Amino acid sequence: MLAYYHYPFVQNQDYREYTRDELIKPEIVEELFDYCQILEAYITKKGWAFLIEYYGYEKLYEIDKKSGWLDDETLEEYISSVQYETDISE
């Protein structure tokens, strides 16, 4: 599993899993970051590895700027935040 969104109020649905095919679309990554911002989604270590490999830090930073999740001022700060998120993920 790369990432998932928890459906807290939808009966008979626990979560939605994000696939590689979805995460190659920047608008889906932005949506995922939006859900992460409100603590309703989670990116796994495998998910972060995929995102970093596929997009690179610069493109992820651009996507995150649209979302406003990690809200870092510089790319260097963003890389540190992503490394932290990767370290604490399962």
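The values are calculated or read from the model by the stated rules, or taken from the named source; none is laboratory data. Please read all numbers here as calculations on a predicted model, not as lab measurements. Please note: Cβ atoms are built from the backbone with ideal geometry, for glycine as well, and neighbour counts cover all protein chains shown. Each accessible area value is taken on the protein alone, full model and side chains, heavy atoms only, with ligands, DNA and RNA left out. Shrake-Rupley method; radii C 1.70, N 1.55, O 1.52, S 1.80 Å.
First compute the accessible area of the chain with a 1.4 Å probe, then give the percent of it belonging to carbon and sulfur atoms.
Roughly 48 percent, rounded to a whole number.
Under a 10 Å cutoff between Cα atoms, tell me which one of Asp34, Asp64, Asp21 has the largest fluctuation in the Gaussian network model of the chain.
Taking springs between Cα atoms under 10 Å, the residue moving most is Asp21.
Using a 1.4 angstrom probe, figure out how much accessible area the chain has per residue, in square angstrom, rounded to the nearest whole.
Numbers: 5750 Å² over 90 residues.
Each residue of the chain exposes 64 Å² on average to a 1.4 Å probe.
Restricting to Cα pairs below 8 Å that are 6+ residues apart, what does the relative contact order work out to for the stretch 29-90? Please round to a whole percent. Intermediate results must be reported in sequence, preceding the final value.
On the way: 44 pairs, mean separation 25.6, N = 62.
That works out to 41 percent.
To the nearest 10 degrees, how steeply does helix 26-37 sit against the main Cα axis of the chain, on a 0 to 90 scale?
80
Quick one: which residues, 5 or more positions from Tyr18 or on another chain, have an amide H under 5 Å from its amide H? H modelled 1.01 Å from N in the peptide plane, none for Pro or chain starts.
Counting only residues 5 or more places away or on other chains, the set is Leu2, Ala3, Tyr4, Tyr5.
Could you tell me how many degrees, from 0 to 90 and to the nearest 10, lie between the Cα long axis of helix 75-88 and the main elongation axis, the longest principal axis, of the Cα atoms of the chain?
For helix 75-88, the angle is close to 40 degrees.
Direction-averaged shadow area of the convex hull around the Cα atoms of the chain, nm²?
Details: hull surface 22.0 nm².
In nm², the orientation-averaged hull projection of the chain is 5.5.
Given the rule -39500 (n - 2.57) for each run of at least 4 DSSP H residues, summed and divided by the residues of the chain, what is its mean residue ellipticity at 222 nm, to the nearest 500 deg cm²/dmol? Intermediate values should be presented prior to the final figure.
On the way: 4 runs with 53 residues, N = 90.
One gets -18500 deg cm²/dmol as the mean residue ellipticity at 222 nm.
To the nearest 0.05, how large is the calculated FRET efficiency for Asp71 and Tyr15 if R₀ is 25 Å and r is the Cβ-Cβ distance?
Values: r = 25 Å, r/R0 = 1.01.
My answer for the efficiency is 0.50.
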